[in-house]
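First comes the structure, then the notes that go with it.
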């Protein structure tokens, strides 16, 4: 009789422990999802990355691809920043565009705008030069 009671109490405590553990895990996941939503709203890449790291620990099947995409976007953002520092506006534009499409952040948008302004100026100069040097060939002018 004592052995059955011990087994019953052990199974009951194990069941309750699993129930509490599952409840905590769901609570943690809700908190992590809420912090992920806030991070996305703030457009801060470091906050987004931290929230995704937490979510991957809880539910890797759902969030691993998002984490990989965010890491790639941060890598592209770093490339865009180095290209801007070097004055290579075209590569900076491409890298920041790829970063912004994968993970919209304030930094990637700022580089995208700065590089775009520089490129637009160069395209305008090129267009004016072409029109000036080739007034008869306006039909071949490619507009941007």
Next item on the list: Pairs only if they're at least six apart or on different chains, beta carbon under 8 angstrom, first in the stretch 105-133 and over 30 Å from residue 38 (Cβ atoms), second surrounded by 13 or more Cβ atoms within 10 Å (Cβ to Cβ); list them, first residue then second.
Entry: 118/89; 119/89; 119/93; 122/89
Check: Got a number for residues in the stretch 49-80 being under 22 Å from residue 26 (Cβ atoms) and touching a helix residue (DSSP H, G or I) at 6+ places or on another chain (Cβ under 8 Å)?
Finding: 14
Notebook entry, point to check: So which of 98, 86 is surrounded by fewer than 17 Cβ atoms within 10 Å (Cβ to Cβ), at pLDDT 95 or above and more than 18 Å from residue 42 (Cβ to Cβ)?
Noted result: 86
Margin query: For the stretch 31-51, give me the residue count where each residue is more than 10 Å from the chain's Cα centre (by Cα) and buried (at least 18 other Cβ atoms within 10 Å of the Cβ).
Written below: 4
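The values are calculated or read from the model by the stated rules, or taken from the named source; none is laboratory data. Everything quoted here is computed from the prediction, not taken from an experiment. Methodologically, a virtual Cβ is constructed for each residue, glycine included, from the backbone with ideal geometry; neighbour enumeration extends over all protein chains shown.
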